[in-house]
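First comes the structure, then the notes that go with it.
Read-outs: derived from the displayed coordinates by stated rules, not from any lab. The structure presented is a predicted model; accordingly, all values stated were derived computationally and were not measured. Here the Cβ positions follow ideal geometry from the backbone for every residue, glycine too, while neighbour counts run over all protein chains shown.
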Amino acid sequence: MVTENKMNYVVTSILRAEFGGRTKALIQRTKNLNEHFGLEFTLVTTNYNANYNNIYDHYYEKGYANEKIGFENVYDYFSGRNYKNNEIVEHPIEIPGYNVRPNEKNHTYKYYKNGQFVRLRTYDQTTGKLKFDDIIVPGSSQRRIRYEYNDFGLCHRKIMYKPNTLNKIEEIFYDDQGKIYLSFSHTGEDENSIWRGHLLHNNTIIALKDEKDFFRYAFDHILQAGGVTFCDARILDQSLLNCSIATKKYFILHNSHNVTGTIAKTYQYLIEHADKADKIIVLTREQLSDLLDLGIDPARMTVIPHSMDDAETVDFASRKPEKKFVFIGRIVPQKQVHHIVRAFSQVAEKYPDYWMEIYGDGKETGDVSQLIDELGLGENVKMMGRTDNIQSVFRNAIASVISSHYEGFGLVIMESLHYGCPVISYDFKYGPKDLLTDGENGYIIEKDNIDLLADTIIKMIENPITEVKLSNDYYLSSTIEKWGRLLEQQ
């Protein structure tokens with residue numbers, strides 16, 4: 001079994017202060033493995049953020065991490081940035097030799113020379129610190145060069161742009177002493193098309209073929225041998241599989257590998273090189289079956305689903321449904337929330353005193369709100385915004401409704417059942433077939449059939465399902481047992 005004195009890792013693309021299902025799952029898994037097996041972890045990120053200390057502090061404050069869980073970022077590693085610089089470099093708004101015109105509403109300042117607009121500075125609206133210093137092509141509003149500054153007032157990156165576009169052609173990265181440690185050249189064909197790079201490491205210039213090669217090189221130097229490394233982001237599969245460190249490489253699949261009938265591009269490398277993975281962990285039996293059909297060795301595959309905490313008590317006696325249904329999730333194209341709105345327009349014709357509450361936000365929030373107005377459903381479909389108290393949402397709902405095009409697991413299905421709320425779900429990959437049994441804890445219906453969705457909501461009104469409970473397979477005690485068996489194999 002993996003022992004306590006071996007370092008273990010989680011590699012992922014990004015950690016945000018506010019996060020969705022994948023990050024929530026990897027954080028909870030990391031804490032569970034630490035608390036139950038005494039394993040120490042470092043969470044390694046590969047996105048660029050020169051103020052990552054703010055995220056780390058937030059995670060510790062919120063209890064997402066403890067003293068046995070550390071953080072590293074690949075850029076910080078090579079720059080030597082440790083966020084312990086207490087000296088703040090100030091950047092006054094006035095610059096000698098320039099005339100400045102402020103836009104104090106959005107904290108931007110235009111700078112002029114000889115009557116021409118040549119520079120633009122942007123200051124953080126909360127802290128007042130300089131964020132961007134843009135060099136403008138004289139006589140235009142086109143950005144030519146951008147200098148970026150971190151919370152200490154230090155310039156950490158310079159970006160040069162292809163003329164008449166916002167596509168990068170060169171990025172230069174600086175450490176806290178102002179020395180260059182990394183550069184990337186871009187094709188300029190799109191916003192982020194890296195085609196080569198150069199890294200100064202250990203007094204040697206390392207040529208990099210592309211961003212994935214940079215991540216591979218970073219893993220070769222950040223990771224240590226002997227433990228386990230979990231990979232939660234498909235963009236990092238190739239880099240980790242080609243990493244030379246003798247760490248057990250576990251790949252967690254958080255989403256469907258086949259949405260359109262063909263293998264998604266992001267999953268191709270892992271599936272084609274599955275023989276190099278120590279273990280591929282999926283969340284549902286249905287996805288396991290589909291991957292086995294592709295010829296992946298069963299010995300490299302296992303199912304360990306998401307889970308709920310056994311220690312959380314649910315007062316099922318207090319469940320008293322009102323005349324409402326609920327949706328909880330991101331309001332993005334994948335979730336197809338407009339299907340729910342259109343279905344409920346049919347429900348409201350027969351049962352005008354019933355309503356739907358939509359919890360969440362996302363880039364389609366405005367479109368969904370507009371659709372509600374167009375259909376005259378203001379009294380029947382209500383946009384509720386984000387919620388941190390899903391138990392109260394599920395407690396008083398007849399059922400939760402899920403109209404996704406695809407998922408990796410359907411986390412909200414598990415949460416809904418845990419709180420005693422049945423589920424009406426499209427038959428998408430993956431989750432419904434593992435978690436739901438028709439007529440017992442909800443209904444699985446044909447995907448994208450809005451009329452059938454409306455009919456099933458009406459069916460639930462007329463014949464509600466009660467006394468719903470989540471299977472014991474989806475509680476922490478069960479999944480920890482599965483992780484224990486997996487780790488004992490090492």
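Using only Cα atoms, tell me the angle between helix 52-62 and the longest principal axis of the chain; keep it within 0 to 90° and round to the nearest 10. Once rounded, the angle reads 40 degrees. Checking the a/c ratio against 1.5 first, then a/b against b/c, what shape does the Cα gyration tensor give for the chain? Cα axes put the chain in the oblate bin.
In this structure the amide hydrogen of N73, modeled in the peptide plane, comes within under 5 Å of the amide hydrogens of T45, none closer than 5 places in sequence on its chain. Shape of region 44-199 from the C-alpha gyration tensor: oblate (a/c of 1.5 or more and a/b not above b/c, with a ≥ b ≥ c the square roots of its eigenvalues). Taking the longest Cα principal axis of the chain as reference, the axis of helix 450-462 is set at about 50 degrees. Name the shape class, rounded, prolate or oblate, that the alpha-carbon gyration tensor gives for region 316-471, where a ≥ b ≥ c are the square roots of its eigenvalues, rounded holds for a/c under 1.5, and otherwise prolate holds if a/b is larger than b/c and oblate otherwise. Rounded is the answer for region 316-471, as its axis ratio a/c remains below 1.5.
Can you return the lysines within cross-link range of K179? Criterion is Cα-Cα under 29 Å, with same-chain partners fewer than 8 residues away left out. The qualifying lysines are K84, K110, K129, K131, K158, K162, K168, K209, K212. Lysine pair count for region 319-412 (Cα-Cα distance under 22 Å; residues 8 or more apart in sequence or on different chains): 10. Between helix 476-488 and the chain there is an angle of about 60 degrees, using the helix long axis and the longest principal axis of the Cα atoms.
Rounded to the nearest 20 debye, the dipole size of the chain about its Cα centre is 1420 debye, using +1 on the Cβ of Lys and Arg and -1 on the Cβ of Asp and Glu.
Summary of packing: across the peptides 306-312, 20-26, the per-residue average of other C-beta atoms within 10 Å ranks them, highest first, as 20-26, 306-312. Here the contact order of region 316-471, divided by its residue count and restricted to Cα pairs under 8 Å and six or more residues apart, works out to 25 percent.
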